[in-house]
2 protein chains.
Amino acid sequence: MYVESAMSGSSRMASVGKPIELAPGLELPGFSMAFDPNEEIFGEEEPTDFVYKVISGAVRTTRLLSDGRRQIGAFYMPGDVFGLERGETHRFSAEAIAPSEVALVRRSALERAAERDGAAARKLWALTSHELEDLQDHMLLMGRKNAAERVGSFLLKLARRGASGVIELPMSRGDIADHLGLTLETVSRTLSQMARDQSISLPSARRVVLRNPGALLAA
Amino acid sequence: MYVESAMSGSSRMASVGKPIELAPGLELPGFSMAFDPNEEIFGEEEPTDFVYKVISGAVRTTRLLSDGRRQIGAFYMPGDVFGLERGETHRFSAEAIAPSEVALVRRSALERAAERDGAAARKLWALTSHELEDLQDHMLLMGRKNAAERVGSFLLKLARRGASGVIELPMSRGDIADHLGLTLETVSRTLSQMARDQSISLPSARRVVLRNPGALLAA
DNA sequence: CGAGCGTTTGAACAGCGTCAAAACAAGTGG
DNA sequence: CCACTTGTTTTGACGCTGTTCAAACGCTCG
């Protein structure tokens, strides 16, 4: 969808002018919207009019090759900011994975804040920088790790944000596969194998408990 | 090597206090150094005291897994800035590929400039942002493209910067492989195949001429 | 001319992908 | 409450792409 056209009169806008905290100490006026699973939040090539933050639910950013092959750039969980780009148009599309509430801040508001306030500018740079660091880790994963190492690294990364030892997976096997550069069958097989090895347990398909995190470690 | 310790009295410092143009309209005082092929410019975990710019030659940034598997993050050609990170220590090491001259600018000088001048801060953000975009393309390449598509994309990207149709490769097959997530044998075989198909010609191992760029295109 | 790398090529192998089917979970309507 | 539908996950059998191991080739530079 294209937000500009959906904005006026949409019943899905939860509120307007609410302060949104994009980073610690960086609050800007914005509003929030609700999205259903698989609903597009913004599309590739659309203008970068907004910056987004996940309030609840989960979001994926995706990129497609002309023949349909898909790469998921990242998953965003509550508190994460996404869609911050310097160019005029998005290079990824973003979709809700689960029912999600997403906060939107106008890019123009952001730019004015960065103009006025050096500290705000630095915080925005930090957001981009952090995304870059994540991607650098991911590049090593995709370039040089095997299937078990990829899935293991993915689980460990998820575990790091969730405080408890139980990981709730909002995304499907196919989403994980398209994020890790594998097929959904390989992801499923790898998880089954890890469960057989007692490295994890799988109380249900979307729930993982780490039993032996060390066994998932690669480098 | 660790520059701080090598700086005083080094005969390799070509000059001091020279103005270095990190981005169009962003000049900062710095100095330049010469590096031999395979010589380390900075190491993983070293403090991020400098930002670097290739004057001549070529540079690679690399990351290692504990068992020696290597991922090359990017190749930097004359005019490119590298080593700009927000954290206190580098997440990659950098080595010269060919005999190279590299300009160094103190990070502290950079930070003072960004503090004073909003435009300078924005240019630094743009550098990080551009690196992020490159990496996003690379992620799609590594996650979803086959060997021929990876090598093809790599050649097309190199061709885009060199104005002429002839590409000079400063890096080895092994370097290309570690950048694309392949083995050096696969890179070599793929290039040979492309030459057989008349998509390229290989006047020498380190020189590629694009004969049919369209055939290299993937998506 | 010979030594030492880097590159090319070959043959066998393995990891992951593809295709297919069955099992499972969740929601819907009778 | 159960039968049915739909989408997701698991599992199996097989094949291909890219890796591994190995040898030959060809630059480049003493």
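The values are calculated or read from the model by the stated rules, or taken from the named source; none is laboratory data. This one's a predicted model, so the numbers in the text were calculated from it and none came from an experiment. All Cβ positions, glycine included, derive from the backbone under ideal geometry; neighbour counts span all protein chains shown.
When you check B:Ser108 against the structure, is it among the polar types (S, T, N, Q) and either touching a Phe, Trp or Tyr at 6+ places or on another chain (Cβ under 8 Å) or under 19 Å from A:Arg86 (Cβ atoms) (or both), yes or no?
Details: among the polar types (S, T, N, Q): yes; either touching a Phe, Trp or Tyr at 6+ places or on another chain (Cβ under 8 Å) or under 19 Å from A:Arg86 (Cβ atoms) (or both): no.
When the stated conditions are applied, B:Ser108 does not pass them.
Report whether or not B:Phe50 is of a type outside the set (Gly, Ala, Ser), within 26 Å of A:Ala114 (Cβ to Cβ) and away from chain A (no Cβ under 14 Å).
yes
Tell me, yes or no, whether region B:165-183 has at least one residue that is away from DNA strand C (no atom under 13 Å from the Cβ) and touching a residue at least 60 places away in the same chain (Cβ under 8 Å).
Among the residues of region B:165-183, not one is away from DNA strand C (no atom under 13 Å from the Cβ) and touching a residue at least 60 places away in the same chain (Cβ under 8 Å), which makes the answer no.
Within region B:141-175, work out how many residues are within 14 Å of chain A (Cβ to nearest Cβ), of a type in the set (S, T, N, Q) and surrounded by fewer than 19 Cβ atoms within 10 Å (Cβ to Cβ).
1
Please state which of the following conditions A:Val102 fails to meet, knowing it meets all the rest: (1) within 22 Å of A:Pro19 (Cβ to Cβ); (2) within 16 Å of DNA strand D (Cβ to nearest atom).
(2)
Checking the condition among the hydroxyl-bearing types (Ser, Thr, Tyr), more than 10 Å from DNA strand D (Cβ to nearest atom) and at negative phi, which residue from A:Ser172, A:Ser153 passes?
Matching residue, one of A:Ser172, A:Ser153: A:Ser153.
Go through (1) away from DNA strand D (no atom under 15 Å from the Cβ); (2) surrounded by 18 or more Cβ atoms within 10 Å (Cβ to Cβ); (3) of a type outside the set (Gly, Ala, Ser) for B:Leu191 and report which single condition fails.
(1)
Looking only at region B:43-57, count how many residues are farther than 20 Å from B:Glu101 by Cβ and of a type in the set (A, V, I, L, M).
Of the residues in that region, 0 qualify.
Of the conditions (1) more than 16 Å from DNA strand D (Cβ to nearest atom); (2) at the interface with another protein chain (Cβ under 9 Å from one of its Cβ atoms); (3) in contact with a Lys or Arg (Cβ under 6 Å, 6 or more places away or on another chain), A:Glu133 satisfies every one except a single condition; which number is it?
Evaluating A:Glu133 over (1) more than 16 Å from DNA strand D (Cβ to nearest atom); (2) at the interface with another protein chain (Cβ under 9 Å from one of its Cβ atoms); (3) in contact with a Lys or Arg (Cβ under 6 Å, 6 or more places away or on another chain) leaves (3) as the failure.
In region B:159-177, is there at least one residue being in contact with a His (Cβ under 9 Å, 6 or more places away or on another chain) and modelled with pLDDT of 95 or more? Step through it out loud before you land on a result.
Restricting attention to region B:159-177, the residues satisfying the condition of being in contact with a His (Cβ under 9 Å, 6 or more places away or on another chain) are B:171.
After this cut, where a residue has to be modelled with pLDDT of 95 or more as well, the list is B:171.
Within region B:159-177, one or more residues are in contact with a His (Cβ under 9 Å, 6 or more places away or on another chain) and modelled with pLDDT of 95 or more.
Kindly provide the set of residues from region B:71-102 that are of a type in the set (Gly, Ala, Ser), free of Cβ contacts under 8 Å to residues at least 40 places away in the same chain and more than 9 Å from every other protein chain (Cβ to nearest Cβ), ordered by number.
Answer for region B:71-102, where residues must be of a type in the set (Gly, Ala, Ser), free of Cβ contacts under 8 Å to residues at least 40 places away in the same chain and more than 9 Å from every other protein chain (Cβ to nearest Cβ): just B:Gly79.
List every residue pair whose Cβ atoms lie under 7 Å apart, where the two residues are 6 or more positions apart in sequence or sit on different chains, the first residue falls within region A:197-215 and is more than 17 Å from A:Arg173 (Cβ to Cβ) and away from chain B (no Cβ under 14 Å), and the second residue, located anywhere, is of a type in the set (Ser, Thr, Tyr) and within 12 Å of DNA strand D (Cβ to nearest atom).
Correct list of pairs: A:Val209/A:Ser201; A:Arg211/A:Ser201.
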